[in-house]
Amino acid sequence: MQGPRLSTVVDALGATVLSVWADAPEGDVRCADVVIHEESAEFAAGPGDVLLAVGVDAERALLLLEQAARCQVAAVVVRRSAALKKQLSAPARRAGVALLGLSSDMGWAQFTGHLRGLLSTTGADLDGESPGPPSRALADFANALSESVGGSVMIFNPQQEVLAFSRLAESDDPMRRQAVLDQRGPSWYRSRLRERGVYRRLWRSDEVVEIPAEVEQGVSRRIAVAVRSGEEILGSIWVAERGAELVPDATTVLHRCTSSAAQHLSRLGARTQTRRLAAEAVARQLLSGDSDDEAVEWLDIDRGQPAAVMSCVFVDEHPHDPRRFADLLSVHLPALGCVAVPVPARGRVDVLLCGLAGRDCTVLAAAVREIVERASAVLGSEVVAALGPIVADVARVPESLAEAGLILRVLGSRGIDRTCVVRSADVRAAVDVLALADIVGSSPRFSSGPVPELLAYDRAHHSDYTASLSAYLDSLGDVIAAARVLHVHPNTLRYRLRRMHAICGIDLNDPEERLIAALHLRGAGLDHATTGSAKGRTAV
């Protein structure tokens, strides 16, 4: 099978992985294989090979380019750096060979695996002139299998989401029709299958699994088989009876077709995954403030357009998969009508929103609130989301991310435990105070003084004077109200306030002293809303 075009492979891997320093002289250059060339090795690449120049310096790379051109190599890949780009780009163009720069974030072994996977499993199907996208080919496969076994066919990914299905028929049962409509099928039926161990048998065996009919529920008999590539589960194929029994050898046909199905699913997965990961990599660069024009253009983002960031965290303490939540968001984000890329991280998901010209933050908040609520309902967990302000252009995206982080900290201190989307304007004062407190906490100017001394005393003596001070300040000097918060007698609090002066010299009659103390305490996360009760701790 003829390999894919070099331009197609580069596009599939993404600009964050590969930078094109010199184009191939002919647009129809196709890739046949991957050859790794180390500095001490002899040249062994041939026509159509992608040559990986591992650990090769500029001088040696110049010789490689000449050899690659003579041997009709498809492309030479070197480690990306500004110096190599300057030294090698022009010689590559003169030699007439494509030169690509590999991102420093991508290891050679990982890149080799990705590249070989694309060449071996996707082939020419990635090209624009191929008969159709992998998803269309998968639908054609489902229809062909349906005719062979005499039943309705549905193909799922490992998360039991529909990837393709055969044409609907009048005799299809309601369960199958609902699965086509909502791309998953009713939750009660999936729960029933889980309880009966159907999924366990499916994922642990290569054999076809029988699922009896449930006549009272209008569910016909089914058979299913897992689709694998080595040890990796790519998905599953389900065949349902539709008004008549399946052909006698349906189980055999289904079992034999898994190798063909694996090729289709590999093609679909390789293309989808590489594009998704590349989009996430570009978004991460933008969020960190470190991106180049080439990467931004690949994501089809206009740098001059307004943008914003939404950060989402899970409320409960149970472990959740951020990737799963990012996938759920991706289902609905296209409805926003802008470039929206969810970026999963440890315990959170940041969503980059670009192309927001003419958007009002209030309207945007309402739209993303509906999306977050839908995704969190499917996930089965409450999710708190912070929508950073809309900034003037993509270069200022880190500012929106930082503001979203402050909002999340405010919401965390308030113990918010329900799904919501909050803007800066909704908690403006609290965010501003927290920002000031961060400045106080990070400046050497404020590293000493009454509150730092009081904190050090508490650590050394296992006391909690800082909690008493915080409650007193947040109660505007009302001893009785503060004592009620601390669950102590007012006289006990008065005693502690006198002791504080002896310990750190704080003058609570000075309003400026109180202001700086409050900022110190807020920056340390010691406001009374987060410390809770001091009960049970020594304060003397």
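Each reported figure results from applying straightforward, stated rules to the coordinates on display, with no laboratory input. These numbers come from a predicted model, not from an experiment. All Cβ positions, glycine included, derive from the backbone under ideal geometry; neighbour counts span all protein chains shown.
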(request) Enter the angle in degrees (range 0 to 90, nearest 10) between the Cα long axis of helix 450-461 and the first principal axis of the Cα atoms of the chain, meaning the one along which they spread out most. (result) 80 degrees
(message) Which trypsin sites (Lys or Arg not before Pro) in the range 161-213 sit in a loop by DSSP (not H, G, I, E or B) and have at most 14 other Cβ atoms within 10 Å of their own Cβ?
(response) 167, 196
(message) Just to confirm the filter: which trypsin sites (Lys or Arg not before Pro) across the range 377-466 are DSSP coil and have at most 16 other Cβ within 10 angstrom of their Cβ?
(response) 414, 418
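Give the whole-number value, in cubic angstrom per residue, of the convex hull volume spanned by the C-alpha atoms of the chain.
Each residue corresponds to 220 Å³ of Cα convex hull volume.
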(request) Based solely on C-alpha atoms, express the radius of gyration and the Dmax of the range 36-108 in angstrom. (result) 11.0, 31
(request) About the Cα centre of the chain, how large is the charge dipole given +1 on each Lys and Arg Cβ and -1 on each Asp and Glu Cβ? Please answer in debye to the nearest 20. (result) 1220 debye
(message) Counting only other residues whose beta carbon sits under 14 Å from that of residue 47, what net charge do I get with K and R as +1, D and E as -1?
(response) -2
(request) For every other residue with a beta carbon closer than 14 angstrom to the beta carbon of residue 502, add +1 if it is Lys or Arg and -1 if Asp or Glu, then tell me the sum. (result) +2
(message) Helix-only estimate, please: 222 nm mean residue ellipticity of the chain, summing -39500 (n - 2.57) across DSSP H runs of length 4 or more and dividing by its residues, to the nearest 500.
(response) -15000 deg cm²/dmol
(request) Sticking with the crude label model, points 7 Å out along Cα→Cβ, report the distance from residue 494 to residue 377 in nm, one decimal please. (result) 5.6 nm
(message) Contact order normalised by length for the range 394-530, with contacts defined as Cα pairs under 8 Å and 6 or more residues apart; what percent is it?
(response) 29 percent
